[in-house]
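Notes follow once the structure below has been shown.
The values are calculated or read from the model by the stated rules, or taken from the named source; none is laboratory data. Model, not experiment: these values are computed from the prediction. Note: ideal-geometry Cβ built from the backbone for every residue, glycine included; neighbour counts use all protein chains shown.
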Amino acid sequence: MGFGEEWAQLKTEAAERAASMPKVPSVARALPAAEVDPVEQAREAVLERLADFRSRVLLVPLDERDGLWTAEFGGLDWICAFSDEEALARFAEARGDEGREWPYRRVVGARLLDEVVPVLDFPCGVALNAAGPDGAVFPPVRGIVPDTAALDGEAA
């Protein structure tokens, strides 16, 4: 499969996943301004960010064995994913590796959370756009990854 065909397939897969996700009702539109709960607003924002991540085609750098590149932070491994080449370049520069070639794969966010994280033999989250102003983390917890892969879920 050529690059163009692979890209088209990934975009189609991302659109299908996004269309199949339940829509999150907006608290801000449902309640008068005086009744909006800030905790509920924050929860809604997190769910919207997660839904956006799950539907995106991301760039995931590869390690020297062509596996997905991970970094350890806070006692947990993280798959590093980037929204575009500029975000990956910003990360490489922050690491002092801007001269290094960074091979990567394109992966739909939902596939990372639902298929990749569960098959790893170690707990792992996903870090989006590390070293960027729009960075986010998706830890391996219930509601983000399948319960069998969640640190707070049920073991398989």
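All conditions in (1) within 18 Å of the chain's Cα centre (by Cα); (2) crowded, with 17+ Cβ neighbours inside 10 Å hold for L120, with the sole exception of (2). In the set (1) touching a strand residue (DSSP E or B) at 6+ places or on another chain (Cβ under 8 Å); (2) surrounded by fewer than 14 Cβ atoms within 10 Å (Cβ to Cβ); (3) closer than 19 Å to V57 by Cα, the condition left unmet by E86 is number (1).
Between A110, A81, the distinction of being under 13 Å from L59 (Cβ atoms), small (G, A, S), in contact with a helix residue (DSSP H, G or I) (Cβ under 8 Å, 6 or more places away or on another chain) and at pLDDT 95 or above belongs to A81 only. The residue that is surrounded by the most Cβ atoms within 10 Å (Cβ to Cβ), counting only those in the range 126-150 that are hydrophobic (A, V, I, L, M, F, W, C) and under 15 Å from F73 (Cβ atoms), is V126.
Those helices (runs of 4 or more DSSP H) of the range 26-118 in which 3 or more residues are acidic (D, E) occupy 38-55, 85-95.
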